[in-house]
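These notes concern the structure reproduced below.
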Amino acid sequence: MFRWFSGLSERMLLRRLDRTGAREPLSFLRCCWMIGVFCRIARGRGNIRFSSRIVSLHRGALEFQRMLPDYLSPALDVIFCGTAAGRRSAELGHYYAGRGNRFWPTLYEVGLTPALLRPQDDASAPQYGIGLTDLAKDVAGVDRDIPPTAYVPERLHAVLQEWKPKRLAFTSLTAARLGLGLRGRIGAGLYQITAIPNLEVWALPSPSGMARGHWDIAPWRALAESIRGWPA
């Protein structure tokens, strides 16, 4: 019975992934995955992995889930750029939607938005002179799970050339290092790049709840002062 049930869950997952191209809502995929895991544990088997095809497609479903669009308009005060959408952001379809993420509260606290916006308000960000994008647009997850080939700084440079913002702000030091092609550890603050003159480039501490131990609002305040011309 357990062998039949776990085999059925595996076939269901493969069939659904084949039809949807790994874009099925996470609840269904997780359900199928956990059914198979439960059955294999109940049968006393130490190996709870599905076939390699399901593992790769399952991970792909988590990483290719509802990629976020760019929210841009000409001559923005700042474009915020992260590494990639977090899994919860991808699942909900909104930027910086992870539990404990400080992005939206910080924008309000430093005076970049007149009211506290929510992740579901992200499409309205250009109204406040704010643009949103990521270095990697085809995957989602924590940085350690993102393959290096997913990051495309060239796409970001094209965005900057097209929309001509006044500033670019990376929302983590990792994003800044990858986006600027720097090696080693870097610090938060203002950078200048010769490729695009007259563009302020900021590297900011990550607002992610997973990076709370390294959080510092001071560089965000400095950015706000640069934009608004008065202390935040």
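Based on every Cα atom in the range 74-145, Rg and the maximum pairwise Cα distance Dmax equal 12.1, 35 Å.
Note down the net charge around residue 98, summing +1 for each Lys or Arg and -1 for each Asp or Glu among other residues with Cβ under 12 Å from its Cβ. Could you put the intermediate results ahead of the total?
Details: positive: 87, 88, 99, 102, 212; negative: 91.
So the surrounding residues net to +4.
Fully extended, how many nm does the chain gain between residue 215 and residue 195 (0.36 nm per residue separation, minus their Cα-Cα distance)?
Going from the current span to full extension adds 4.3 nm.
Under a point-charge model restricted to the Cβ atoms of Lys and Arg (+1) and Asp and Glu (-1), what is the dipole moment magnitude of the range 82-139 relative to its Cα centre, in debye to the nearest 20?
On the way: 6 positive and 6 negative charges, 36 e Å.
Result for the range 82-139 is approximately 180 debye, rounded to the nearest 20.
Projecting label points 7 angstrom from Cα along Cα→Cβ for residue 108 and residue 166 puts them 2.4 nm apart. Using a/c under 1.5 as the rounded threshold, could you call the range 113-232 rounded, prolate or oblate? The axes a ≥ b ≥ c are square roots of the C-alpha gyration tensor eigenvalues, and prolate needs a/b larger than b/c, oblate otherwise. Here the range 113-232 falls in the rounded category.
What's the local net charge at residue 133, with K and R +1, D and E -1, over the other residues with C-beta under 12 Å away?
Values: positive: 137, 155; negative: 70, 122, 134, 162.
Local net charge: -2.
Over all other residues within a Cβ to Cβ distance under 13 Å of residue 166, the charged ones net out to +1, with Lys and Arg as +1 and Asp and Glu as -1. Across all directions, the average projected area of the convex hull around the alpha carbons of the range 122-165 is 3.8 nm².
A straight chain from residue 183 to residue 73 at 0.36 nm per residue would run longer than the Cα-Cα distance by 36.5 nm. Backbone amide hydrogens, once placed in the peptide plane, bring residue 202 within less than 5 Å of 168, 169, 170, 191, excluding anything fewer than 5 places away on its chain.
Quick note: the coordinates plus some simple rules give every number you see, no bench work behind them. Not measured: the values here are computed from a predicted model. All Cβ positions, even for glycine, are placed from backbone atoms using ideal geometry, and neighbour counts span all protein chains on display.
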